[in-house]
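The values are calculated or read from the model by the stated rules, or taken from the named source; none is laboratory data. Just so we're clear, the structure is a prediction, and the values are computed from it rather than from any experiment. Glycine also receives a Cβ, built like all others from the backbone with ideal geometry; neighbour counts cover every protein chain displayed.
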Amino acid sequence: MVLDELTHPVVLAPLAGGPSTPALAAAVGDAGGLGFLAAGYRSAEDFGAELRELRGLSAAPFGVNLFVPGPDDADAAGLRAYRNELRGESERVGAEPGEPRYDDDGWDAKLALLRAEPVPVVSFTFGCPAPETVASLRATGAEAWVTVTDPAEARIARDAGADVLVLQGVEAGGHRGSFSDADDAEGYGILALLRVVAGEIDLPLVAAGGIADGAGVAAVLAGGAAAAQIGTAFLRAAEAGPNPAHAAALAEETATALTRAFTGRTARGLRNRFLDDHTANAPRGYPHLHYLTAPMRAAARKRGDAGGFNLWAGQAHRLAREAPAGEIVRELGEGARAALARATERVGWGE
Ligand SMILES: Cc1cc2nc3c(=O)[nH]c(=O)nc-3n(C[C@H](O)[C@H](O)[C@H](O)COP(=O)(O)O)c2cc1C
């Protein structure tokens, strides 16, 4: 198990859409955490090039993450109405909406790449691959990790042959990893999910969602997790590649909210103009909405207009700090040890 070899119980979340870089994954791995490379939104060719770059930068074990394709079930009338609704935003940022369309994010090509060039860990989000797919990757020597957001998904992942479950609480930044994008926005918080799944399923559990400092890591370790998977707290790392306006916004005391407004799939981001104006009417329809809003979001990013694009962030975003990723990993690990020692002392008070 790769998890048993880590110096610090810290997994870098795969961060698709810009922040994920080979340098970031290498820095986390070299510091004794587990680095991850996000394959989402990239072609198999580009992803393959990043994979080779990472192998050249670091000899530490690492993981890669794939989006599991979902059904093409967007409602055409809903998409048209949403396109009309975006007219004002489109004029404001000076970019036309894009053409909504379905694709499977290069699923077969990426799987073929990972069979040809095996990696230590492959994690999945947005669904559970078929047992044969899991078995074919495990046959290359890879561990298969599946992201789940409730106990029913955890059972499906276990039955498909997953080696590790990544439990994602509703506090998490970015997309919900749920198998279907149902209207159950309440969702499990990470501690509740961890305890409920730990009581039922005998697999190593990695906990994600709103964990951004050592004490947060300690909390999920005490709850039975083998490690914490952390996204937002790495978005300001020196090696990460986010937009500067996004990185700066994380430090503000801005509330986060769940929304389908940017991509048609529920995700958590900082509240901003686009999110507040369009969450109410955004239909379900990933990846159609992703392609519909992409040119407008790109234009807003270019202008440094933080109101006009997705600022993915978990609930603890204000704890993210600017530092080299290796330093963040060490602080998280050492902070967890210190917090667990303090907690142990506190438990002794009553004696
Ligand atoms: C900018 C961003 C991009 C993300 N991209 C992915 C991804 O490509 N694949 C994935 O499984 N999870 C992705 N996530 C979710 C993380 O895996 C993780 O669940 C989340 O970051 C944990 O919550 P935190 O951000 O509060 O640490 C992303 C999160 C963020 C903030």
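With the structure loaded, tell me whether Phe124 is closer than 22 Å to Ala44 by Cα, within 16 Å of the chain's Cα centre (by Cα) and among the aromatic types (Phe, Trp, Tyr) or whether it fails that test.
yes
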Output the residues belonging to the range 250-260 that are surrounded by 15 or more Cβ atoms within 10 Å (Cβ to Cβ), hydrophobic (A, V, I, L, M, F, W, C) and touching a residue at least 40 places away in the same chain (Cβ under 8 Å). Leu250, Leu258
Exactly one of Arg297, Arg265, Arg273 is among the charged types (D, E, K, R) and more than 16 Å from the ligand (Cβ to nearest atom), and that one is Arg273
Could you run through the range 130-158 and say how many residues are more than 13 Å from the ligand (Cβ to nearest atom), in contact with a strand residue (DSSP E or B) (Cβ under 8 Å, 6 or more places away or on another chain) and not in a helix (DSSP H, G or I)? 3
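Checking the structure you have, find out if any residue of the range 200-207 is in contact (Cβ under 8 Å) with a residue 60 or more places away in the chain and either of a type in the set (A, V, I, L, M, F, W, C) or out of contact with any helix residue (DSSP H, G or I) (no Cβ under 7 Å at 6 or more places or on another chain) (or both).
Of the residues in the range 200-207, the ones in contact (Cβ under 8 Å) with a residue 60 or more places away in the chain are 204, 206.
Of the ones still in play, those that are also either of a type in the set (A, V, I, L, M, F, W, C) or out of contact with any helix residue (DSSP H, G or I) (no Cβ under 7 Å at 6 or more places or on another chain) (or both) are 206.
Within the range 200-207 (the criterion being in contact (Cβ under 8 Å) with a residue 60 or more places away in the chain and either of a type in the set (A, V, I, L, M, F, W, C) or out of contact with any helix residue (DSSP H, G or I) (no Cβ under 7 Å at 6 or more places or on another chain) (or both)), the answer is yes, since at least one residue qualifies.
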Filter the range 300-318 for residues that are surrounded by fewer than 17 Cβ atoms within 10 Å (Cβ to Cβ) and either within 9 Å of the ligand (Cβ to nearest atom) or within 24 Å of Ile211 (Cβ to Cβ) (or both) and give the result. Arg318
For the range 178-197, indicate whether the set of residues that are in contact with a helix residue (DSSP H, G or I) (Cβ under 7 Å, 6 or more places away or on another chain), more than 24 Å from Ala320 (Cβ to Cβ) and of a type in the set (A, V, I, L, M) is non-empty. yes
Filter the range 18-40 down to the residues that are crowded, with 22+ Cβ neighbours inside 10 Å, assigned to a loop (DSSP other than H, G, I, E, B) and near the ligand (Cβ under 8 Å from one of its atoms) and list them by number. Pro19, Ser20, Ala39
Could you list, in sequence order, the residues of the range 74-107 that are in contact (Cβ under 8 Å) with a residue 24 or more places away in the chain and acidic (Asp, Glu)? Asp75, Glu85, Glu89, Glu96, Glu99, Asp103, Asp104, Asp105
Is at least one residue of the range 168-179 of a type outside the set (A, V, I, L, M), assigned to a loop (DSSP other than H, G, I, E, B), touching a Lys or Arg at 6+ places or on another chain (Cβ under 7 Å) and within 13 Å of the ligand (Cβ to nearest atom)? yes
Looking at Ala162, Ala208, which is the one that is more than 12 Å from the ligand (Cβ to nearest atom), touching a strand residue (DSSP E or B) at 6+ places or on another chain (Cβ under 9 Å) and in the same structural domain as Pro120 (by TED's automatic domain parsing)? Ala162
Determine, yes or no, whether Ala247 is within 27 Å of Ala320 (Cα to Cα), surrounded by fewer than 20 Cβ atoms within 10 Å (Cβ to Cβ) and either in contact with a Pro (Cβ under 6 Å, 6 or more places away or on another chain) or touching a residue at least 40 places away in the same chain (Cβ under 8 Å) (or both). yes
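Scan Ala245, Ala251, Ala280 and give me the residue that is within 14 Å of the ligand (Cβ to nearest atom) and hydrophobic (A, V, I, L, M, F, W, C).
Only one candidate qualifies: Ala245.
Could you tell me which of the residues Glu50, Glu45 is modelled with pLDDT of 95 or more and surrounded by fewer than 17 Cβ atoms within 10 Å (Cβ to Cβ)?
Working: Glu50 fails: surrounded by fewer than 17 Cβ atoms within 10 Å (Cβ to Cβ).
Unique residue meeting the criteria: Glu45.
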